[in-house]
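The structure appears below as structure tokens.
The values are calculated or read from the model by the stated rules, or taken from the named source; none is laboratory data. All of these numbers come straight from a predicted model, not from anything done at the bench. Here the Cβ is made from the backbone with ideal geometry for all residues, glycine too, and neighbour counts use every protein chain on show. Each accessible area value is taken on the protein alone, full model and side chains, heavy atoms only, with ligands, DNA and RNA left out. Shrake-Rupley method; radii C 1.70, N 1.55, O 1.52, S 1.80 Å.
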Amino acid sequence: MPAPPLEPRRPSVARVLAALALMATAMVLTAAVGRQVVLASDRIMRWDADLVERTTATALARPWLVDALLVWSHLTEPWLLFTVLAIASGLLFWRGLVRRRALWVTPMGLAGWGLAIGCKYIVARPRPTPPEAITTAGGFSYPSGHATGSTIAMILTCVLIWPLARSVASRVLLVATAVTVVLLTCADRVFLGVHYLSDVVAGVVVGSAMTTAALLLVLRPRGSASPAGAVLTPGGRGAPGSGSTARRR
């Protein structure tokens, strides 16, 4: 039988706090870029507005595209993505697979989502106002909540399932699916006219930055007590080919 997946060590309180601090730093930097670069640049603002006007006109000329955009918008609501992630984590934990990952991926995702909402209020960018609106959305525009939420959820989904996807093909498919979901979500928000291009770009960047920063601190492989391929004999010498320490689920 194949060995169970290698689990990360349980993160210490100090590492969790440091991860949260890095996530907050990424959010603050993204907010600073939003206020000092995006909103301060007439060129960026003009490009954003022109693109939204063209994309919404393209969608309105194709009723089937409008229907598809609205369906995708509902399917990628951040609360729905994180609910699915929480259910998947719970099932994997119940089955005894990747238990430690299953415990912390959802709280990490919710922390990132909460920080992204805070970023919206710091920047306070109004939503686009295309000539013909397809739909409306409340709240502020920068960064896109859908883009940020889908980025965080897809990265954490890959991290959660990665140890269970043993083959190269399955891992390539996992990453390709995650990237496709994020890209489609970004396009969906711009074509619906509820976000500017800079909003979705900022969402992907801050979502990736926050999640990666947290993972670098929290996700530590469980080390072995002895070199790979050997166990300590009563005499203190390694016995080649006898296996390393047992892996915990």
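Return one quarter of the surface area of the convex hull spanned by the alpha-carbon atoms of the range 61-189, equal to its mean projected area, in nm².
Its average projected convex-hull area is 9.0 nm².
Roughly speaking, what is the stretch gain from Thr136 to Leu39, that is 0.36 nm per residue apart minus the C-alpha to C-alpha distance, in nm to one decimal?
32.8 nm is the gain from fully extending Thr136 to Leu39.
On average, how much accessible surface per residue is there in the range 13-77, in Å², for a 1.4 Å probe, leaving out ligands, DNA and RNA?
62 Å²
Can you pull the percent of the range 102-153's accessible area that's carbon plus sulfur, 1.4 Å probe, other chains left in place?
66 percent
Taking the alpha-carbon centroid of each part, what is the distance from the range 96-111 to the range 125-158 in angstrom?
Taking the Cα centre of each part, the range 96-111 and the range 125-158 sit 25 Å apart.
Of Leu110, Leu160, Leu115, which has the most accessible area and how do the rest follow, probe 1.4 Å?
Leu110, Leu115, Leu160
In the range 26-77, what percent of the accessible surface is made up of carbon and sulfur (1.4 Å probe, ligands and nucleic acids excluded)?
Summing carbon and sulfur atoms, their accessible area is 63 percent of the total for the range 26-77.
Please state the charge dipole magnitude for the range 1-159, taken about the Cα centre, from unit charges on C-beta atoms (+1 on K and R, -1 on D and E), reported in debye and rounded to the nearest 20.
700 debye
Which whole-Hz ³J(HN,Hα) couplings does the range 50-66 yield from phi under the Karplus relation 6.51 cos²θ - 1.76 cosθ + 1.60, θ = phi - 60°, glycine and proline marked x?
5, 5, 4, 5, 6, 5, 5, 5, 4, 5, 5, 6, 10, x, 4, 5, 4
Using only Cα atoms, what Kirkwood radius does the range 46-118 have, in angstroms?
Computed over Cα pairs of the range 46-118, the Kirkwood hydrodynamic radius comes out at 15.1 Å.
Please give the FRET efficiency for Leu173 paired with Leu29, using the beta carbon to beta carbon distance and R0 = 25 Å, rounded to the nearest 0.05.
0.15
For a distance above 15 Å, tell me the whole-number percent of Cα pairs in the range 92-137 that qualify.
Of all Cα-Cα pairs in the range 92-137, 66 percent lie more than 15 Å apart.
What residues have an amide H closer than 5 Å to that of Leu97, excluding those fewer than 5 places away on the same chain, when H is modeled at 1.01 Å from N in the peptide plane?
none
Quick one: Debye curve from the alpha-carbon atoms of the range 1-148 only, equal weights, vacuum; give me log10 I(q)/I(0) at q = 0.11 Å⁻¹ to two decimals.
-0.62
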